Amino acid sequence: MMRRGGIAIRAEGVSKLYRIGAPARAYRTLREALVDAAAAPFERLRGRARAAEADTRFWALRDVSFEIAEGEIVGVVGRNGAGKSTLLKILSRITDPTEGRATLEGRVASLLEVGTGFHPELTGRENIFLNGAILGMRRADIAKRFDAIVDFAEIERFIDTPVKHYSSGMYVRLAFAVAAHLEPDILVVDEVLAVGDARFQQKCLGKIDEVSRKGGRTVLLVSHNLAAVKSLATSGLVFDRGRLVLQGSVDEAIAAYGRLQQDGGADEAEHDWGAGAHTRIRSVEMIGDDGPTRVYLPGTPLRLRIILDTDGTPGLSVDVFLANAQRARIALWSLSHFDAMSLPAEPGCYELTIEAAPIHLASGQYCIDVATAVTMVNWDHQVYEALAFETPFSNVGGGSWDFKQSFGFGFVALPSTTPPKLARLDERRA
């Protein structure tokens, strides 16, 4: 345990350089790999070197320095390409910085991707003790917290079932319960809570508040949901294009983020690659009657075209999230869960065309997040704000009233499919 009142997290000149190219080819046999390796020099001489060799270097983080005191809840915000997820992976020791260093005092628990730190063949019970051991806790200490973890996760019936059989919701409930109840000194939470249902998300946000304010622990929270950041955080970090542009109060951070949004998006969408890197999402478009568009008319089919690469790994799904202006996800489409399909088990570049049922969206700004995943448990490649679009006017049922998105009125209208029926109860009883 670190001493109270000290510095919990210190970043000094942290930078991270990535090399992004096409996904590496998947080999099914040793013979295929050897033949390909032998042919590679001749392909280069003929000018046909694979696209994987024509990679691109970019700095996901550049010269980032800050200090966070013990007991703070810090909201980390930023527009596309800001490098927020990269920062959390460095702080969680998932990846090392290319330059600089990050120092964290005490035990660190991270919730970055659904199922991170879980062994799929082990039961929920076994994974709880495994994660506690990774944090350096004694078995007796873990046992004292076991019942509280299971109760919070609401998975009593399945605690002795291997987690590979868990649904995505069960996965995220157990993952958060473990991270929050094993009493780390520092809790690092990324957008993973977006996977859970709304009731459990509120339960998690309440637990984050309790862990910090009552337990005196430090929390680093990355979220596009500004309402959650404002209600929880005591201070904020604002990132843009890999650089820290502001460290201040949560109100200052949200205001700075708003100014960045008004200035326009970053050069690239914000990408988050999982450990597997089996896919690469190339582009996302909304298709209207006359081709690509950034305007959606309420009550019309929602058509999307997604171009992506896959290395042929079986069972890969594509998930599409619809988010409102506050970056809260309000709708989901899933290739595997809704249409019982997965990406082809053959390497290549594919075009995925989706036509969703008409949605009666309130007017305002929206965006589309796209992710590839292994059975919707472990993200492979996520693209936040892959597509921004606008619903200019929403007059469900006709008339001049514009149904604008808000937390008071909601974000989706539910028009009647048949005329409503009204009858006086006293007349019906007569």
How far apart, in nm, are the 7 Å Cα→Cβ label points at SER249 and ARG125? 5.1 nm
Pairwise label distance in nanometres, ILE307 with LEU425, each label 7 Å out on the Cα-Cβ vector: 6.1 nm
Highest mean packing first, using Cβ neighbours within 10 angstrom, the peptides 85-98, 360-373 sort as 360-373, 85-98
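Based on the mean of other Cβ atoms within 10 Å per residue, sort peptides 7-15, 160-168 so the most packed one is first.
7-15, 160-168
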Residue farthest toward the positive end of the dipole of segment 270-391, with Cβ of Lys/Arg at +1 and Asp/Glu at -1: which of GLY348, SER363, GLY315? SER363
Quick one: net charge around ILE208, please, counting Lys, Arg +1 and Asp, Glu -1 for every other residue with C-beta under 13 Å from its C-beta. +1
Between GLU346 and PHE146, what is the label-point separation in nm under the 7 Å Cα-to-beta-carbon projection? 5.0 nm
Nothing charged except the Cβ atoms of Lys and Arg (+1) and of Asp and Glu (-1): what's the magnitude of the dipole of segment 270-391 about its Cα centre? Round to the nearest 20 debye. 240 debye
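Report Rg/Rh for segment 270-392, rounded to two decimals, where Rg is the Cα radius of gyration and Rh the Kirkwood radius.
On the way: Rg = 14.1 Å, Rh = 14.7 Å.
Dividing the radius of gyration by the Kirkwood radius yields 0.96.
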For ARG93 and ALA227, compute 0.36 nm times the residue count separating them, minus their Cα-Cα distance, and round to one decimal in nm. 45.4 nm
By per-residue mean of other Cβ atoms within 10 Å, what is the highest-first order of 331-342, 62-73, 308-319? 308-319, 62-73, 331-342
With 0.36 nm assigned to each residue of separation and the Cα-Cα distance removed, ALA133 to LYS404 gains 92.6 nm
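Every number in this text was worked out from the coordinates using simple rules, so none of it is lab data. Note that this is a predicted model, so its numbers are computed, not measured. FYI the Cβ positions are ideal-geometry reconstructions off the backbone, even for glycines, and counts take in every protein chain you see.
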